[in-house]
1. Could you put B:ARG140, A:ARG156 in order of accessible surface area, largest first, with the 1.4 Å probe and the full protein assembly present?
2. Can you give me the accessible area per residue for chain B, using a 1.4 Å probe, in Å²?
3. Of the DSSP beta bridges with both residues in chain A, give the percent that are antiparallel, rounding to the nearest 5.
4. Ranked highest first by the average count of other Cβ atoms within 10 Å around their residues, in what order do A:214-225, B:100-111 fall?
5. Cross-link candidates for A:LYS235: which aspartates and glutamates have Cα within less than 15 Å, leaving aside residues fewer than 8 places away along the same chain?
6. Which of the helices in chain B meet the span-like rule: DSSP H, Cα axial reach of 18 Å or more, Kyte-Doolittle mean at least -1.0?
7. Taking a probe of 1.4 Å, how large is the accessible area per residue of the stretch A:52-205, in Å²?
8. Going by a ≥ b ≥ c, the root eigenvalues of the Cα gyration tensor, does chain A fall in the rounded group (a/c under 1.5), the prolate group (a/b larger than b/c) or the oblate group?
Amino acid sequence: MALLEVKNIKKSFGKTEVLKGVSFTLEKGQVLAIIGSSGSGKTTLLRSLNFLETPDEGEILVGGKQLFSAGVKYTDDQVRENRLHFGLVFQNFNLFPHYNVLENITLAPNLLNIASPEENKVTAMHLLEQVGLADRANAYPYQLSGGQQQRVAIARAWAMHPEVLCFDEPTSALDPELTGEVLRVIKGLKGEDRTMIVVTHEMDFAKSVADVIIYMADGVIEEMGTPEEVFDHPKSEKTRAFLQGFHESY
Amino acid sequence: MFIPVTLQLLDGFWESLKVFLLTLAFSLPLGLIVCFGSMSKFSPLKALIKCFVWVIRGTPLMLQLIIIFYGPGLLFDLPAMPRFTATIVAFAINYACYFSEIYRGGIESIAKGQYEAGQVLGLTKGQIFFKIVLPQVIKRIMAPMSNEVITLVKDTSLARIISVYEIIWAGESFIKKGLLWPLFYTGAFYLLFNGGLTLLFGYIEKKLNYYRG
Ligand SMILES: Nc1ncnc2c1ncn2[C@@H]1O[C@H](COP(=O)(O)OP(=O)(O)OP(=O)(O)O)[C@@H](O)[C@H]1O
Ligand SMILES: [Mg+2]
């Protein structure tokens, strides 16, 4: 059974319909890369999965359990619990500037009593090693480069052990020379049953790390398939045009 | 003459200090409640609180003191509050409204992404507010708060309008005895105390400078 099932998600902002019925499933341990032009609804989709937006229609299921169904009223506590199934790494990091690197990572595990403060700290240090920042545990966000901040943000999201970790253009806010270190960290997280959804404009990265590619256009999934299928043998004319445009501009 | 005058002024200053400290103790938290009200999503409440803040900030504290002390008796035939209590009530309400606006400015200056980062980590609204937002707000509002607190020190002298004894009254009482200088001398108390407060706020701001943003 699929770990994540997204069924017919629709979302409008005022009169603009941004998501026009998005459905897909994701297996445990798979990495899904979502590509698509600006304004196609990628961010809105990730935000819906993290319950930062409430879809007007559709359902979200994790592990067969229905977390969201449009029309149902959820309490703050239910929404909060639902969020724990997902993690989100933002384009612009959103680290907490008044906490140091270690505190950024341990804040939520400590407040939500994931484990004892000592254990949370050990876990956090382990994650920092994985993202290559163990030596910066006591630094404050303003003392870090963008790439380092994003790696801390990844560790922070991962510390809550979400079943599905989402990344919204994790390297878009970075100088080109810093994107590599972040993409390497994300690549390194692959495997070990870690399920991830990455919205990205880095086509080579998407090709090399993803098991499944979704190409979104105008609020719908225009094409979905393996990297080979989508990149090398796109069925849709729109996909072909998009990839073509990409080759030209990059 | 210097020592007895100083002692008498200290006595008056102690009364001013009580007004200052009690006003802070009540208005700092009350201001947060007023602030939440003025940011409420429930628009009738929001409108009511905003209107209230507008009235309090738009009229002199001296007038508010008079109304709170004499108003209940004149309007409803109720017994008046003790003078000192009325002073604290008027000051606390007045300063809560000023503080609420400073808090609101600080809270609204925190980026939406900070809330969302807390939300996606599964934190509760209270945790997000007290652990993520408020600490950053405190740093950002330190400068306007220090201005307001120093104004409060000087405003305590208004209490005498409803006959609450304080330092300027103490200084003035010497005029009857033909001494003018004690009145000017009261200024030294204000200056010293505000100097101390300025140093304290400077110290706090420096302490909060361990991060940027
Ligand atoms: N809160 C909002 N209110 C109104 N419109 C919104 C809101 N959020 C997004 N939109 C609109 O929805 C559309 C899709 O936005 P979205 O951010 O999901 O696109 P995207 O695919 O992530 O684009 P990009 O590649 O530029 O990040 C855009 O037209 C945007 O203006
Ligand atoms: Mg986006």
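1. Ranked list, largest accessible area first: B:ARG140, A:ARG156.
2. For chain B, the solvent-accessible area averages 53 Å² per residue.
3. Here the share of antiparallel DSSP bridges comes out near 55 percent.
4. A:214-225, B:100-111
5. The reachable aspartates and glutamates, counting only those whose Cα sits under 15 Å from A:LYS235, are A:GLU222, A:GLU223.
6. B:2-38, B:43-58, B:61-76, B:83-108, B:134-155, B:181-207
7. That works out to 42 Å² for each residue.
8. oblate
The values are calculated or read from the model by the stated rules, or taken from the named source; none is laboratory data. Remember, it's a predicted structure, so these values are computed and weren't measured experimentally. Using ideal geometry, Cβ is built from the backbone for each residue, glycine included, and neighbour counts are taken over all protein chains shown. Note: accessible area is taken over every heavy atom of the protein model, side chains too, but ligands, DNA and RNA are not part of it. Shrake-Rupley method; radii C 1.70, N 1.55, O 1.52, S 1.80 Å.
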